[in-house]
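Enquirer: Quick one: structure below, then a few questions.
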Amino acid sequence: MKHIGLDFGTANTSVSVLDGEELAVLPLERQSVSLPSTLFFDFEDGSTQIGQAAFDRYYFGDQGRFLRSFKSALGTRTIDHTIRIKHDTYQIRDIIRHYIGEVLSRAQAQLGTTIDSLVVGRPVNFIDDNPLADQQAEDTLRQIVSDLGVSNIEFQLEPIAAALNYGVTIVGEEVVLVIDIGAGTSDFSVVKFQAKGSADSVKSEVIANCGIHIGGNDFDKVIALERVMPLFGYRQRFKRRPELEAPRSYFLNASSWHQIDLLYDRKVLATLAELEPQMEQPDTFARFSQLIRSRQPHKVLTSVEQAKRKLGADDATQVEMPFVEDSVSLPLSVSQLNTHINELCIQIIATANQAIENAGLKKPDIDTVYLTGGSMGIRHLSQMVASEFEHSKIVEGDRSTAVARGLALDAKVKFG
């Protein structure tokens with residue numbers, strides 16, 4: 001029996017399979033095992049694309065509608081938000097169903113069989129401090145996967161899945177703090193492992209879980225808002241009411257991957273047109289209106305994200321926006337990045353410590369800190385983790401596939 005795991009992520013998605021003793025992550029696009037969680041509706045030929053192909057269609061100018069980070073809508077009112085795509089209307093739940101359906105179709109084609117049983121990863125909290133909304137998010141995702149023909153659906157917390165992937169390497173006894181920093185959430189589990197020298201002998205006890213709705217997308221948001229959006233009129237004031245700034249909500253939406261589509265509305269565009277002549281610098285604010293009309297905020301965030309990643313190794317870079325009039329390029333240094341994201345990183349570290357406290361332990365009790373998730377590539381955050389847990393062994397897992405691999409291992413436990 002093949003045991004399957006689905007890691008549907010805010011930024012990327014993976015499917016894993018445990019076939020006997022062989023554990024693998026399936027290549028879903030060309031040879032890549034990590035598929036961007038994106039979708040593009042092509043207005044010219046009526047086709048839809050997912051993954052990197054969707055991004056390429058959008059970025060290189062094909063006429064259509066681009067969506068990304070739709071997982072973040074789970075558990076929020078946005079899940080029922082209706083968007084118009086050419087002559088049709090869709091809810092965000094329809095977008096998620098279409099995307100996951102294509103992912104499962106590609107996986108089944110490689111497996112040569114239908115997927116009847118599936119373990120799906122989920123964050124510790126889809127929504128912070130709201131158990132009802134959190135359960136609604138899981139129920140919605142369960143219904144979507146069920147609608148796609150999967151009969152047996154189980155969920156596993158993403159940090160526990162990552163822990164299971166690490167656990168097969170353990171010999172002896174370890175208390176492990178798993179830190180999984182994704183695009184949408186940061187999740188933590190404290191797990192006690194006991195092993196006698198083989199993968200089959202590993203026993204695990206989950207002592208505590210904790211999570212916070214902060215991730216790489218939030219880093220992008222604060223960088224875009226503080227560094228880029230002033231070029232488009234953010235914090236600009238009204239001519240006749242200088243005590244008032246331009247409405248902040250539009251710039252917040254333009255800086256948030258999963259809320260950009262809220263701006264593609266005729267009423268929003270009409271309001272922006274009305275605001276332009278009222279601002280102190282109408283030409284600057286007009287640039288923002290044009291950004292929305294040309295549906296390019298995703299390109300802005302892509303430029304921000306690329307600059308953020310470069311600063312994982314470099315000390316300075318540029319946020320390059322050739323698609324904006326006059327081909328704007330803004331400098332961004334490591335120091336500036338650290339200043340912008342520092343408060344978010346402090347909250348992440350505090351939540352990691354909360355997980356240890358919830359486990360009834362202290363930091364010296366943690367033998368190993370296991371790191372995974374794409375946003376662990378942020379240098380400032382990784383340095384803060386190393387400093388905070390200086391007495392523990394730091395192990396870096398595969399940022400893209402650790403969770404997916406653990407989900408397949410868990411599928412064997414759950415489905416036999």
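The values are calculated or read from the model by the stated rules, or taken from the named source; none is laboratory data. Since the structure is predicted, the reported quantities are computational estimates derived from the model, not experimental observations. Heads up, the Cβs are rebuilt from the backbone with ideal geometry, glycines too, and the neighbour counts pull from every protein chain shown.
Enquirer: Out of curiosity, is F40 buried (at least 16 other Cβ atoms within 10 Å of the Cβ), modelled with pLDDT of 95 or more and part of a strand (DSSP E or B)?
Expert: Answer is yes for this residue.
Enquirer: So if I check each of D187, D218, which one is assigned to a helix (DSSP H, G or I) and closer than 28 Å to Q354 by Cα?
Expert: Selected residue: D218, the only one of D187, D218 that is assigned to a helix (DSSP H, G or I) and closer than 28 Å to Q354 by Cα.
Enquirer: Limited to segment 45-92, what total is found for residues that are touching a residue at least 60 places away in the same chain (Cβ under 8 Å) and in a strand (DSSP E or B)?
Expert: So the answer is 5.
Enquirer: It is to be established whether one or more residues within segment 254-264 are within 19 Å of S375 (Cα to Cα), crowded, with 19+ Cβ neighbours inside 10 Å and over 21 Å from the mean Cα position of the chain (by Cα).
Expert: no
Enquirer: Taking segment 127-184 on its own, how many of its residues are assigned to a strand (DSSP E or B), in contact with a Pro (Cβ under 9 Å, 6 or more places away or on another chain) and of a type outside the set (A, V, I, L, M)?
Expert: Residues flagged as assigned to a strand (DSSP E or B), in contact with a Pro (Cβ under 9 Å, 6 or more places away or on another chain) and of a type outside the set (A, V, I, L, M) within segment 127-184 amount to 1.
Enquirer: Determine which member of the set T372, T339 is of a type in the set (S, T, Y) and either over 22 Å from D128 (Cβ atoms) or surrounded by fewer than 21 Cβ atoms within 10 Å (Cβ to Cβ) (or both).
Expert: Going through T372, T339 in turn, the sole match is T339.
Enquirer: Something else about it: In segment 168-196, what count of residues is obtained for those that are crowded, with 24+ Cβ neighbours inside 10 Å and free of Cβ contacts under 8 Å to residues at least 60 places away in the same chain?
Expert: Selection size over segment 168-196: 1.
Enquirer: Going residue by residue through segment 198-212, is there one that turns out to be part of a loop (DSSP other than H, G, I, E, B) and not polar (S, T, N, Q)?
Expert: Yes, some residue in segment 198-212 is part of a loop (DSSP other than H, G, I, E, B) and not polar (S, T, N, Q).
Enquirer: For segment 270-285, indicate whether the set of residues that are of a type in the set (A, V, I, L, M, F, W, C), part of a strand (DSSP E or B) and more than 22 Å from the chain's Cα centre (by Cα) is non-empty.
Expert: Within segment 270-285, one or more residues are of a type in the set (A, V, I, L, M, F, W, C), part of a strand (DSSP E or B) and more than 22 Å from the chain's Cα centre (by Cα).
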